[in-house]
Structure formats: structure tokens, C-alpha cells
Ligand code: SF4
């Protein structure tokens, strides 16, 4: 039986490069997948987002992603354990460092998955959003990559954000109105705290 690792070597020799793509949702995946494939990479989406609240919203985003990936003939790796306690442990009480804790949790898990499954590299759809802290994501991903001995593939996907969202709209995909956690939901809907347009 051929191992994942030797398959990776074979594919790289053949000119295609496997990359584990941490994927937050279907709309953000569209441009990232287009760009990676155009650049000669062979992406595998990886869903690990225990930051999404409430659980019904988590399910809705995951279902939308699965539906979309069928159209691209891509099989995602899904961690649907929903580590709610772990996310809350990191985020509650972190104040303005909440997003740093959230990136750390998701990207460290992604680097670990990449190492365990024999991917040489990983990247993330978080890099497509102009609403996220881009520099902090890069810094966190680089640290996670170094901890797990894999490469972090940095691509600034932001120029394709509008294009990806427009395609999602055309396809009728579910487009979430807030980032993910209960705090971002509060910021989105509570008039006393509304800060973002997302
Ligand atoms: S706002 Fe978004 S990135 Fe920040 S903690 Fe909440 S879900 Fe994570």
C-alpha cells in the first residue's frame, strides 16, 4: 500500500503540490481554491472551526461547504467534534486578544493535521478576508508551521475577496452575517456594540 507521504512526493515530482487548506466557510473557500489550483497546487480543504456559535450556525456553514465542494469534486477533511469548551477556555476573558487565541487554536490544529497526514504545507482561507487581522494570522501560522515541521504557504488572497463573494452569491451559497463566535454575533446585531459590516 502506498503511503500518503510517498503519494505527496510523487505528486510533487509530477508538478502538483498538495496543500492542506484550513477552510472557514464555503464563500471564503471559492477564490482561495481557484487561486491555489491556478498556481498548480492540489488543495484539500480542512474544516476545523469550533469558534462558530451557536452549533446550528456551525452546522449550517459546514453543510454549505460540503455542498459546494461536491461541485468541485473535492473531499474535505472535517473535524466536527466541535471543541466548544476548548474555544471558550481560550477566548473567554481574552478581551481584545480573543482573535489571537482563535487563530492560534485553529491554525495550530491545522499544522498538526498537515504533519499527521503527510502534507508538506498548509494555508488558510482566513487570508482572503479584509475583515481579519491578516498580519496576526501570518505570524500565528508561521509559528504553528515551525512547531510541527511543515511549511506555511503564504498567499495574500485578499484581492480576490469580492470575486469570491460574488460567485457565492451567484451560486446561492449560504453567506454568514458575522465572523463566527458569540462575541462577533453580538458586535454584528447589538446596536450598542455594532463595529463591523460583516
Ligand atoms: S471575531 Fe472571528 S476571529 Fe475573532 S475570536 Fe471571534 S470567531 Fe475568532
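Things worth noting here:
- Condition check for residue 141: buried (at least 16 other Cβ atoms within 10 Å of the Cβ), part of a helix (DSSP H, G or I) and more than 14 Å from the ligand (Cβ to nearest atom): no
- Residues that are assigned to a loop (DSSP other than H, G, I, E, B) and surrounded by 22 or more Cβ atoms within 10 Å (Cβ to Cβ), drawn from the range 94-128: 119
- Residue among 147, 135 that is surrounded by fewer than 16 Cβ atoms within 10 Å (Cβ to Cβ), within 16 Å of the ligand (Cβ to nearest atom) and over 19 Å from residue 30 (Cα atoms): 135
- Residue in the range 97-109 that is farther than 17 Å from residue 24 by Cβ and within 12 Å of the ligand (Cβ to nearest atom) present: yes
Listed here are the residues, each with its yes/no results for (1) out of contact with any strand residue (DSSP E or B) (no Cβ under 9 Å at 6 or more places or on another chain); (2) touching a residue at least 40 places away in the same chain (Cβ under 8 Å); (3) farther than 20 Å from residue 144 by Cβ.
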residue: 42; (1), (2), (3): no, no, yes
residue: 47; (1), (2), (3): no, no, no
residue: 51; (1), (2), (3): yes, yes, no
residue: 66; (1), (2), (3): no, no, yes
residue: 77; (1), (2), (3): no, yes, no
residue: 80; (1), (2), (3): no, no, yes
residue: 88; (1), (2), (3): yes, no, yes
residue: 91; (1), (2), (3): yes, yes, no
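- Residue 173 passes every criterion in (1) within 12 Å of the ligand (Cβ to nearest atom); (2) under 22 Å from residue 61 (Cα atoms); (3) surrounded by 18 or more Cβ atoms within 10 Å (Cβ to Cβ) apart from (1).
- Residues in the range 144-196 that are in a helix (DSSP H, G or I), touching a residue at least 60 places away in the same chain (Cβ under 8 Å) and under 24 Å from residue 19 (Cβ atoms): 160, 161, 163, 164, 165, 167, 168, 171.
- Residue tally, condition within 12 Å of the ligand (Cβ to nearest atom) and either under 27 Å from residue 36 (Cα atoms) or crowded, with 21+ Cβ neighbours inside 10 Å (or both), over the range 74-90: 1
Every number in this text was worked out from the coordinates using simple rules, so none of it is lab data. No experiment lies behind these values; they were computed from the predicted model shown. For neighbour counting, all protein chains shown are included, and Cβ atoms are generated from backbone atoms with ideal geometry for every residue, glycine included.
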